[in-house]
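Reviewing the structure listed below.
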Amino acid sequence: MSSLLERFKRTRKGLPCPVCEHSGWCMVEFDGSGEPVRVLCPRTPSDRRWGNAGYLHVLRDDGRRPEWNGVTVLRTKTPSAAMQARMRHAQERLLFGDHAVRAARELGLQPEALIALGAGIEWSTLLFPMRDEAGRLMGVRLRRPDATKRAITGSRNGLFLPSNLERESEVFVCEGPTDTAALLGLGFHAFGLASAGTCTKMAARLVARIAACRAVVVADNDDAGLASAYRVAHSLRLMVRDVRVVTPPSEFKDARDWVRSGATVASIRAAVDASESVGLVVIGGRS
Ligand SMILES: [Zn+2]
């Protein structure tokens, strides 16, 4: 047992347990790329007890994964001090060494875009702060390497806001942090929604605040994505004169895919020019 345990590292402040999210007592084993493989967690039971060390959780080696707790909602009005501290630690870690460059390269993004969004990193999981339109922290989205979405316990949905968004004449509205980062990386002004069709009132207050003349909602390339993009567009239309919905060409599933496959400022600009302005007060329609 003791020789086995030598392969495990103890969790600590800023690098919490991938299973229970606490930073003391739990142990994590990594593969060569620094990805957590197995966890010994005394807090979260599994069907394999390892003596006093806790319960064994196999995150990966045979394709099995534990059931995650799911995205927990959200009763408190303000995020806990623990959440803010955890986000800050993760941000500091992303800025250390080549973390930002490596994380960005894996996703086909620019490191500057991750940094502008205030992203952080824990092991190989990216953390993205969700904020309200005034920039207050509402919650933290976790993005694991397998692209599963969770939020830190106690999170509320919010916007993915770049630090440099001020008064802008045009702003792109994306779904999720990585699509937002993709457009930021090309030099567009952009912010993201927690997921499709959420936080529409917050988004409307934000576009009013930055006095945008045009908002471009970037839809995922499927029926559900398009429907929620139009819902967002209609609520923004109350605040902005010119609101458009743009979908990536049919071979790309979302904005990040589009950008990673070579979309340029010119090709996205052309798609915006080719789109039509969404009309005011059309309920359930697309005109
Ligand atoms: Zn744990």
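For every residue, the table says whether it meets (1) more than 19 Å from Pro177 (Cα to Cα); (2) modelled with pLDDT under 95; (3) of a type outside the set (Phe, Trp, Tyr).
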{"position": "Val207", "(1), (2), (3)": "no, yes, yes"}
{"position": "Ala215", "(1), (2), (3)": "no, no, yes"}
{"position": "Ala224", "(1), (2), (3)": "no, yes, yes"}
{"position": "Ser228", "(1), (2), (3)": "no, yes, yes"}
{"position": "His234", "(1), (2), (3)": "yes, yes, yes"}
{"position": "Arg241", "(1), (2), (3)": "yes, yes, yes"}
{"position": "Val246", "(1), (2), (3)": "no, no, yes"}
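Name the residue that is modelled with the lowest pLDDT, counting only residues in the stretch 24-50 that are more than 9 Å from the ligand (Cβ to nearest atom) and either within 18 Å of Arg150 (Cα to Cα) or of a type in the set (Phe, Trp, Tyr) (or both).
Glu35
Any residue in the stretch 177-190 that is in contact (Cβ under 8 Å) with a residue 60 or more places away in the chain sitting within a Cβ distance under 8 Å of a residue that is of a type in the set (Lys, Arg) and assigned to a helix (DSSP H, G or I)? List the pairs, counting only those 6 or more apart or interchain.
That search, which allows pairs on different chains as well, returns Thr178/Arg256; Asp179/Arg256; Ala181/Arg256; Ala182/Arg256; Ala182/Arg260.
Would you kindly identify the strands (runs of 3 or more DSSP E) lying entirely within the stretch 135-248 that contain at least 3 residues that are buried (at least 20 other Cβ atoms within 10 Å of the Cβ)?
Working: elements: 137-143, 149-151, 170-175, 190-193, 214-218, 242-246.
Once the strands (runs of 3 or more DSSP E) in the stretch 135-248 are filtered for at least 3 residues that are buried (at least 20 other Cβ atoms within 10 Å of the Cβ), what remains is 137-143, 170-175, 190-193, 214-218, 242-246.
Select from the stretch 15-44 the residues that are surrounded by fewer than 16 Cβ atoms within 10 Å (Cβ to Cβ) and touching a Gly at 6+ places or on another chain (Cβ under 9 Å) and write down the one among them that is farthest from Glu92 (Cα to Cα).
Arg43
Mind telling me which of the residues Thr125, Thr153, Thr148 ends up being in contact (Cβ under 8 Å) with a residue 12 or more places away in the chain and in contact with an Asp or Glu (Cβ under 9 Å, 6 or more places away or on another chain)? Give the steps one after another, and end with the answer.
Values: Thr125 fails: in contact with an Asp or Glu (Cβ under 9 Å, 6 or more places away or on another chain); Thr148 fails: in contact with an Asp or Glu (Cβ under 9 Å, 6 or more places away or on another chain).
Within the list Thr125, Thr153, Thr148, the selection yields Thr153.
The values are calculated or read from the model by the stated rules, or taken from the named source; none is laboratory data. This is a predicted model, so every value here is computed, not measured. Heads up, the Cβs are rebuilt from the backbone with ideal geometry, glycines too, and the neighbour counts pull from every protein chain shown.
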